[in-house]
Amino acid sequence: MSSLENALKIVCLLGQDRPILRVGEVCRELDLPKSSVSRLLKTLSEYGIVEREPGDTGYAAGQRALLLAELYTARHKLLDLVDASLDALTADFQFACYSAVLVGPDIVIIRVKHGSYPLRLVQEIGVPMPAYRTSVGRALLARKADAEVIELVRQRPDAPARDAEILAAIEEVRASGASATASTVIPGIAALGVAVQDAQGRETMGFSISYPIAATDEAVRARMLGRIRQEAQAIGGRIGDEFWIGRDMHA
């Protein structure tokens, strides 16, 4: 455990003011033997966390560190973009909007924005819910291959009896870009959901509008569908999501 802690301490020395780590400097700053520092830097370089600089002048951040940075940036960039869309949709329609991610066969809500309409979600942030039973869950499932969709949905005891029924619902989402469902948890509540994914397929996030059916008419629902798809397409264009790039929004 001490070796792991020391390796992490070494990595934490890297920064804008110190892009290169030299063995002697690390030894003095962390009060570690030269043999230990050399061994830990060699191990870190083997895993791509650091890499040796040309001319044996020290160690700099490696490709694996760059990948971790890209993953962190992509995740927070996507969450920021989705947050902005939630704010816009809530301001436009005053209904509850939320974002979620897929965790196995479930979704987990990570953001909730409430408008002025007196509707409050009963599900709490971080509490898993069956993905297939929610609009945002179906939108997230639609980004998976058919075999994986079936495998995930079948993990839940309340899955539909026929695979064809599951795939038909998912295909509707793929065709239109959005999922529309009525809540099985709160009677009289419906939702529209979409999903966006970064260009590398490493990060996928869904977001949704939940609304009382009695408080809307066909025209309002059509406008909400158009707006949530517009928001998803705008995000998709910024993060390289081919599902949304070039999609006909009138289809």
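Numbers below:
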{"read-out": "All positions within segment 157-182 that are in a loop (DSSP other than H, G, I, E, B) and either touching a residue at least 40 places away in the same chain (Cβ under 8 Å) or among the charged types (D, E, K, R) (or both)", "value": "ASP158, ARG162, GLY177, ALA178"}
{"read-out": "Candidate set: segment 13-46, residues that are surrounded by fewer than 11 Cβ atoms within 10 Å (Cβ to Cβ) and modelled with pLDDT under 90; chosen: the one farthest from ALA65 (Cα to Cα)", "value": "ASP17"}
{"read-out": "Number of positions in segment 10-21 that are within 29 Å of the chain's Cα centre (by Cα) and in a helix (DSSP H, G or I)", "value": "2"}
{"read-out": "Residue count for segment 22-45, restricted to those that are basic (Lys, Arg) and not in a helix (DSSP H, G or I)", "value": "1"}
{"read-out": "Extreme residue, farthest from LYS77 (Cα to Cα), among residues of segment 203-251 that are part of a helix (DSSP H, G or I) and of a type in the set (Val, Ile, Thr)", "value": "ILE213"}
{"read-out": "Residue that is in contact with an Asp or Glu (Cβ under 6 Å, 6 or more places away or on another chain) and within 28 Å of ASP87 (Cβ to Cβ), where the choices are VAL220, VAL196, VAL173, VAL136", "value": "VAL196"}
{"read-out": "When residues of segment 54-76 are limited to those that are in a helix (DSSP H, G or I) and over 14 Å from the mean Cα position of the chain (by Cα), the one modelled with the lowest pLDDT", "value": "ALA69"}
{"read-out": "Sole exception among (1) surrounded by fewer than 23 Cβ atoms within 10 Å (Cβ to Cβ); (2) closer than 16 Å to LEU192 by Cβ; (3) over 18 Å from the mean Cα position of the chain (by Cα) for ILE109, by number", "value": "(3)"}
{"read-out": "Candidates SER35, SER45, SER85 - the one that is of a type in the set (Ser, Thr, Tyr) and within 24 Å of the chain's Cα centre (by Cα)", "value": "SER85"}
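Per-residue answers, yes or no, for (1) over 19 Å from HIS114 (Cα atoms); (2) buried (at least 21 other Cβ atoms within 10 Å of the Cβ); (3) not assigned by TED's automatic domain parsing to the domain that holds ALA84:
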site	(1), (2), (3)
ARG138	yes, yes, no
ILE166	yes, yes, no
TYR211	no, yes, no
VAL220	no, no, no
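The values are calculated or read from the model by the stated rules, or taken from the named source; none is laboratory data. Values in this document were obtained by computation on a predicted structure and should not be read as measured data. So basically every Cβ, Gly included, is an ideal-geometry build from the backbone, and we count neighbours across all protein chains shown.
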